[in-house]
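Just so it is clear, none of the values below were taken in a lab; they were calculated from the coordinates. Being a predicted model, the structure only gives us computed values, none of them experimental. Here the Cβ is made from the backbone with ideal geometry for all residues, glycine too, and neighbour counts use every protein chain on show.
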Amino acid sequence: MQMLLQRVYLQIYFQLSIINMMGKSIRVKAPATISNLNCGFDVIGLALDEPSDILELELTERSGIEITGIKGCAGLSQDPDKNVVGAVLRAALDRAGSRYGFKVSIEKGIRPGSGIGSSGASAAAAAFAANRLLGNIFSLVEQVMLAMEGERLASGSAHADNVAPALFGGIILVRSYEPPDIVELHVPPELSCVVVHPESEINTSVARGLLEREIPLTTAVRQWGNLAGLVAGLYREDYELIGRSLVDYVAEPRRSSLITGFNELKSAALNHGALGAGISGSGPSVFALCRGRESASRVLEGMSETMRSLGIAFDAYLSPVNSHGTHLCRKIMPE
Ligand code: HSE
C-alpha cells in the first residue's frame, strides 16, 4: 500500500514538473571528447574544455520532434529521424512514456567527422536537456544510454566512450556495456591535451569497418597491459607510465593510413615532449597528452608547424581535462 502511494505520489510529482517546464526552453552545452586514448578502444575517453556543441530545447504539448535550425554546419539533416539529436530525444520520450514533444535548435561548435566526439556531444546535450525538461527522471548512466542511441544512428554502433565523458566530464572508463558500468577515473592535475584536426572528415562507420573482427591473443595481451598501465598511471599521477601506456596495437595500424601526415604529426608531438600521441576517436584528429600547459604549448606549436609544412589546413586546440561535462548555459523563460 505504502509502495503504491509512493508511486502515485512520484507520478503526480513528475507530471507537475513537466507541466511547469512546458513552453520553457533551456540551453545546454556539451564538450568535445578524445576517445580510445590509444589503448582503450571503445572503453575510455576524456572531455575537453573546447570546442563544444550547444542545444536549445523546448518541451511542447504537441508530440513529435522538430529541429528548428542547425547553425555552424551545413551538411547535417534537420529530419529528426536522420539526426543524432532526434534519435536521443525520441528515445528519452519513449523511455519516459511521455506523450509530449520537443522543439530543438542546434549550434555545432564541433565539426562532424573530426574524431573529437561531434555526434557524441550533440547526443550528450540532447540526453541531458531532455532529462531536465522531463523532470530529472534519468540518472547520469541512463542519460549515457540515451545518448548512445545517437551514436548508434551516427556510426551504426552504440559506443559510449565519447558520450560518457561528454556527460560526466573528466576521464571515463566504460568497464562494461551489458550492463553499463561507467567508472570515473582520477585526473592527474597537470594533464594537458592537444588536438590537431586536419580539415578533412572520416566517417566513423567506415573507420570501424577497417578493424579486424578478431585480434590475436598476443596483441590483446599487449593492449590490455597498456590499458591497465594507463589507469594505474592516472591514479599514481605517474606521467611517465601514462606516456608508456599510450600505445595502440588495435586501431592505429588499421586507421592511420586514412590520415594524411599522421606519422609526421605523431613524431612532431613526441619530439616536442608529449607523453604520448595518437588518433583521437576514429580520426582524423590527432591528440597528444602532455605534462603541464607549457609543455602542451610546445607540442601544439610543433604539431602546427608540421601541418603548415605539409600544406594541410587544420584547427588546433589546447585544453585541460574538462571537469564538469555537459551543463546548463542559462534558462530562457517565456514572456
Ligand atoms: N571508439 C570509437 C571508435 C570512437 O574508435 O570507433 C568513435 O568516435
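Observations on the structure shown:
- The Tyr235 and Arg99 beta-carbon pair, evaluated with R₀ = 51 Å, returns a calculated FRET efficiency of approximately 0.65.
- Rounded to the nearest 10 degrees, the inclination of helix 293-310 to the longest alpha-carbon principal axis of the chain is 70 degrees.
- For the range 234-274: rounded, prolate or oblate by the Cα gyration tensor [a/c cutoff 1.5]: oblate
- Chymotrypsin sites (Phe, Trp or Tyr not before Pro) restricted to DSSP loop in the range 238-309 with at most 16 other C-beta within 10 Å: none
- Axis of helix 140-155 versus longest Cα principal axis of the chain: the two differ by about 70°, to the nearest ten degrees.
- A Gaussian network model of the chain, with springs between Cα atoms under 10 Å, assigns the largest mean-square fluctuation among Ser297, Ser52, Ser139 to Ser139.
- Thr68-Asp181 FRET efficiency (beta carbon distance; Förster radius 51 Å; 0.05 resolution): 0.90
- Set of aspartates and glutamates with alpha-carbon distance to Lys71 below 19 Å, sequence-local pairs under 8 removed: Glu50, Asp53, Glu56, Glu58, Asp79, Asp81, Glu107, Glu199, Glu201, Asp315
- The gain in end-to-end length when the Leu328 to Ser205 segment is fully stretched comes to 41.2 nm, 0.36 nm per residue minus the alpha carbon separation.
- Among residues other than Glu190 with Cβ under 9 Å from its Cβ, the summed charge is +1 (Lys and Arg +1, Asp and Glu -1).
- With Cα atoms defining each centre, the range 202-219 and the range 236-262 are spaced 15 Å apart in the structure.
- Here's the picture: a label point sits 7 Å out from the Cα of Thr60 along the beta-carbon direction, and within the range 101-138 the residues with their amide nitrogen under 19 Å of it are 101-107, 126-127, 129-135.
- Qualifying trypsin sites (Lys or Arg not before Pro) in the range 183-236, DSSP loop, other Cβ atoms within 10 Å at most 15: Arg213
- Taking Leu217, Leu146, Leu133 in turn, the Gaussian network model of the chain (Cα-Cα springs below 10 Å) assigns the largest fluctuation to Leu217.
- Rounded to 10°, Cα long-axis angle of helix 84-96 versus longest principal axis of the chain: 40 degrees
- Working note: Karplus 6.51/-1.76/1.60 with θ = phi - 60° gives the range 220-234 the couplings 4, 4, 5, 5, 6, x, 5, 5, 5, x, 5, 5, 4, x, 5 Hz, where Gly and Pro are set to x.
- Listed peptides 65-78, 164-177, 98-111 by packing density, highest first (mean Cβ within 10 Å): 164-177, 98-111, 65-78
- Contour excess over end-to-end distance, with Cα ends at Arg308 and Asn271 and 0.36 nm allotted per residue: 11.7 nm
- Every helix of 4 or more DSSP H residues in the chain counts as -39500 (n - 2.57), and over all residues that averages to -12500 deg cm²/dmol at 222 nm.
- For the pair the range 153-191 and the range 95-119, the centres of their Cα atoms are 18 angstrom apart.
- Taking all C-alpha pairs of the chain, those more than 38 Å from each other amount to 17 percent.
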